[in-house]
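Derivation of every value follows stated rules applied to the coordinates shown; laboratory data play no part. Predicted, not measured: the structure shown is a model, and the values here were computed from it. Heads up, the Cβs are rebuilt from the backbone with ideal geometry, glycines too, and the neighbour counts pull from every protein chain shown.
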Amino acid sequence: MRHLGAIILSHEQGEDLSHLLSWKGLTLEHLETRIQQSGFSVSGFLLLSTCNRVEIIYTIENPSEHTSFYEALLESLPPVQGPAPVFKTGRPVARHLLRLSAGLESMVLGETDIRHQMKEAKAAAIRGGHLDYRLRTVLQGVFRHSRYIRSFIPANLPLSVSSLAVRFLEDSLGGLDSSDSAIAIIGSGPMSRHTAEYLSKWGGRNLVWINRTLEKIEGPAQNVGARTLSLQDFLQAPESVGKLRAIVSATSSEKPIIDAQLVSRMDRDGQLVLVDLALPSDVSPELASVSGIELISLDRIRQRLEANKKQREEAASRAESAVEEILFRLESELIHSLSGPILRDLQKDIRKEAQKRLQGLLQGRLAHLNARDRRILYDWAIKSHREMNRIHRSGVEQILKNYFVDETPELNETADETVGGGLAL
C-alpha cells in the first residue's frame, strides 16, 4: 500500500474546530489545480470535508515522493491556523480509512454519517475522473469490511452527531412532542437529512425544512412529513413559518445566516433553541448571550462526548482488535485483485519471448527442418505454453506478498511520516 497517502485536519487535533476553517472552502476543483501545479504524478485523489474534518486521500506513482508532495501541496493550500495536518502514508492510511468508515475516529463513536460522507466524496471523485484503480479498490474493501468493525460498538451509544444533537434538543425542549410550534431544519446535506429523520422518528411535530434549492429537499421532506420553504423566503419573512421553538442549521455558508436581526423578526414560542452543526458557524456569536435563546454548538456536543470518554474508549478498544483483523484481510484481497492482471501480463511476456526465440531458431540453426518437423516443434511449444499458463494463482500472490510487503512494517506503524510499507497499490 506504499502508494497511499493521507493529509488530515480533524477535531482530534485542537481544543476547538477553528483550525479547520482555512480549508473548509477547499473544493475538488481547487485541489485538482493545486495537485497539477505541484508537478508530482498523483494518479488518484478525493476530498473529504465534513463538519469536523477535512481530508485529502491520494495515491502517488512514486512512493519515494510522498514527503516532497506533501510539503509542496501544503505550500499551495491556505495556511492552517493551529496544529499542522496529520500526514500518513502506506499501510496506516488503510487502517485510518477502516477506522474512519467504522466511526472509530468520529466525535461520536460508531456514527453512521461519516460513512455516507465518505461515499459521497468517492462519488464526487469518480465524477471528476480523479479516482484511480488503486484508490477505488481500497475504498471498496473499506466500505465492505467496516460494518464488521462497527458490530463491536455497543448499540446504546449515540450513532451520529445528528442523533446526539437531537437528544440535546429534546432535553432543552422538554420533549420533542411537548408543543405544536415548529422546528426548522436548514440545509440539505447528510447532517440535515439525518437530523430530520431523527426528529420525525422520535416524535418531532410541525417540521419545516428550509434550503436554498427546494428540489434537493422535496423528496426527503415528504418522507418525514415536513413542510418546505426556500431559504430566501425564510430570510425575508421568518414569521411566515409560524411560531418557532427550535432551529437546527447545517449549511455550507461561509457567513452566519442566523443573526439577532433575523431572530427579532421571528414568531417565537418562548425560548428559542438554536442547534448549530455548521462549520463555519451558521449562528452569529452574538446570539449566545441574548436572553431567551439557547445555543447548542458543535463544541458543546464535543464537551458531552468528552464526559463519556471512558465508555467510548472501552468500546473503541473492543473494536480495535477487529481493525487489525480486517486490515490483514483487506491486504490479502488487494493482493488477490492484483494477481490476475499481473499473471496475464506475465503469460503474455512469456508467450512473446517464446515466439521470438522459436522464430529465431527456425530461421537460423533449425532452418533445415522440413514442414513436418516444424509442425512437431510448434505443437510442443504450444503444449509447453499451456503448461506454463497453469501456474497456480496462489504462487503469484505469494511472490507479490514477498515483493511488495515491507519486511519492517512496525516502522510505518509508529511514524505517520514514514514512506513505504504494505502492498504497492
So, by mean Cβ neighbours within 10 angstrom, what's the order for 117-123, 233-239 with the highest one leading?
117-123, 233-239
Tell me, what does the Kirkwood hydrodynamic radius of segment 145-218 come to in angstroms if you use every pair of distinct C-alpha atoms?
13.7
Mean Cβ count within 10 Å, highest first, over the residues of peptides 51-58, 215-222, 277-284, 325-332:
51-58, 277-284, 325-332, 215-222
What FRET efficiency would be calculated for the residue pair Gln36, Phe143, taking the C-beta separation as r and a Förster radius of 30 Å, to the nearest 0.05?
0.60
Set the Förster distance to 30 Å, then compute FRET efficiency between Glu15 and Ala72 from the Cβ-Cβ distance, nearest 0.05.
0.55
For Ser332 and Arg372 in one chain, what is 0.36 nm times their gap in residues minus the Cα-Cα distance, to one decimal in nm?
9.5 nm
Evaluate the distance, in nm, between pseudo-label points positioned 7 Å from the Cα of Leu26 and of Gln232 along their respective Cα→Cβ axes.
3.3
Segment 161-300 shape via C-alpha gyration tensor axes, a/c threshold 1.5
rounded
Given R₀ = 25 Å, what would the calculated FRET efficiency be for Arg318 paired with Lys201, taking r from the Cβ atoms and rounding to 0.05?
0.35
With 29 Å as the limit, write out which pairs from Lys216/Lys255; Lys122/Lys255; Lys24/Lys216; Lys122/Lys348; Lys119/Lys348; Lys88/Lys216 have Cα-Cα distances beyond it, or answer none.
Lys122/Lys348; Lys119/Lys348; Lys88/Lys216
For every other residue with a beta carbon closer than 13 angstrom to the beta carbon of Ala221, add +1 if it is Lys or Arg and -1 if Asp or Glu, then tell me the sum.
0
